[in-house]
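Engineer: One structure, pasted below without further comment.
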Amino acid sequence: MDITVKEANHENLRLDKVLVDLIPDKTRTYILKMIEEEKILCNGKPFKPSQKAVLGDVITILDIEPKPLEVKAENLNLDIVYEDNDVAIVNKPKGMVVHPGAGNYEQTLVNGLLYELDDLSEINGVIRPGIVHRIDKDTTGLLMIAKNDKASLSLTEQLKNHSCKRRYVALVYGEFSEKKGRINAPIARSKEDRKKMAVDKNGKEAITNFTVLRRFKGYTLIECALETGRTHQIRVHLEYIGHPLVGDQTYGRRKVIGDKGQFLHAKTIGFIHPTTGEWMEFDSEIPSYMEDFMNTLEEKKD
């Protein structure tokens, strides 16, 4: 969404103050957070809140939450693979956004969770009830859901200290000579396209470990284990090492295979139960669209 600074009384005012007027349903604190996360741009570039507004400035809002009243329960036939009083595990389908945001106010995972589950943690607000981590719209697989605040705090802490187990399977272009590898390359928002992420020496630490599972002529199926959780981390890292995800319309090759999005699946998840203290681990099947495509490939043996 683009907004142009037109009012004479906005000229030479701090941009954060101008934005409070231009986006009246959002608090200054929220706007400052958006600026810090580079989700609001001025003339296509990040800016400091203290920057002065100039008539004709174009303010671009990359991502803004919808009003809470727009979040409603919907029967989306979610695949709830486990549920107890504290947590739930859901297998997210391809094409579903995790929570409401700009342009996606309905048919998100949160809309479905509000219908399926009686309780959800409210720590992360009405837009993200129960959500402690996310996967991309076109990534399939398992997500942990917190049904109360105690569970949310516990799962969030486990994600922060990397004690959770998260394993993804990815089909990528190219053939790996090695069996295992570690990609340690910091990630930041792309300077060329602010809607994308990129490896940047000034970015945040990002580490992805991978293991080869199956080899095909021209392709490889790998397992990825995350040490960090940056936006689009696996997709960016695999593009960076020259093995982009098959089907990735953002970071992949110009000629996209199929219409299913990136071939990436959150297959396994494990964590310590917030109440019992027991280790819990869940696994899921690789989606059929990935299996069907791999059945057309020529497999190579080690």
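Engineer: Suppose we filter N77, N85, N12, N104 for residues that are modelled with pLDDT of 85 or more and within 30 Å of D248 (Cα to Cα); which single one remains?
Structural biologist: Values: N85 fails: within 30 Å of D248 (Cα to Cα); N12 fails: within 30 Å of D248 (Cα to Cα); N104 fails: modelled with pLDDT of 85 or more.
It is N77.
Engineer: Taking K217 as meeting all but one of (1) crowded, with 16+ Cβ neighbours inside 10 Å; (2) modelled with pLDDT of 95 or more, write down the number of the exception.
Structural biologist: Unmet for K217, out of (1) crowded, with 16+ Cβ neighbours inside 10 Å; (2) modelled with pLDDT of 95 or more: (1).
Engineer: Kindly evaluate I183 against the criterion of being at pLDDT 95 or above and either touching a His at 6+ places or on another chain (Cβ under 9 Å) or aromatic (F, W, Y) (or both). Outline the logic, then answer.
Structural biologist: Details: at pLDDT 95 or above: yes; either touching a His at 6+ places or on another chain (Cβ under 9 Å) or aromatic (F, W, Y) (or both): yes.
Here the answer is yes, as I183 does meet what is asked.
Yes/no per residue for (1) among the acidic types (D, E); (2) surrounded by 10 or more Cβ atoms within 10 Å (Cβ to Cβ); (3) modelled with pLDDT of 95 or more; (4) farther than 16 Å from G174 by Cβ:
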site: R253; (1), (2), (3), (4): no, yes, no, no
site: H265; (1), (2), (3), (4): no, yes, yes, yes
site: I269; (1), (2), (3), (4): no, yes, yes, yes
site: D292; (1), (2), (3), (4): yes, yes, no, yes
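Engineer: Considering only residues that are at pLDDT 95 or above, in contact with a Gly (Cβ under 9 Å, 6 or more places away or on another chain) and over 11 Å from L264 (Cα atoms), which ones fall in the stretch 220-237?
Structural biologist: Of everything in the stretch 220-237, just one residue is at pLDDT 95 or above, in contact with a Gly (Cβ under 9 Å, 6 or more places away or on another chain) and over 11 Å from L264 (Cα atoms), namely T220.
Engineer: Go through the residues of the stretch 6-18 one by one and say whether even a single one is touching a strand residue (DSSP E or B) at 6+ places or on another chain (Cβ under 7 Å) and touching a residue at least 60 places away in the same chain (Cβ under 8 Å).
Structural biologist: Scanning the stretch 6-18 turns up no residue that is touching a strand residue (DSSP E or B) at 6+ places or on another chain (Cβ under 7 Å) and touching a residue at least 60 places away in the same chain (Cβ under 8 Å).
Engineer: Do any strands (runs of 3 or more DSSP E) lying entirely in the stretch 78-154 carry at least 2 residues that are touching a residue at least 12 places away in the same chain (Cβ under 8 Å), among the charged types (D, E, K, R) and outside the structural domain of T250 (by TED's automatic domain parsing), and which ones are they? Give the derivation first.
Structural biologist: Numbers: elements: 79-83, 87-92, 140-146.
Hits in the stretch 78-154: 79-83.
Engineer: Please verify whether R134 is closer than 22 Å to E227 by Cα, surrounded by fewer than 17 Cβ atoms within 10 Å (Cβ to Cβ) and among the charged types (D, E, K, R), treating the condition exactly as stated.
Structural biologist: Details: closer than 22 Å to E227 by Cα: yes; surrounded by fewer than 17 Cβ atoms within 10 Å (Cβ to Cβ): yes; among the charged types (D, E, K, R): yes.
Judged against the criteria, R134 is a match.
The values are calculated or read from the model by the stated rules, or taken from the named source; none is laboratory data. Keep in mind the model is a prediction, meaning the values are calculated, not measured. With ideal geometry, Cβ positions are generated from the backbone for all residues, glycine too; neighbour counts draw on all protein chains shown.
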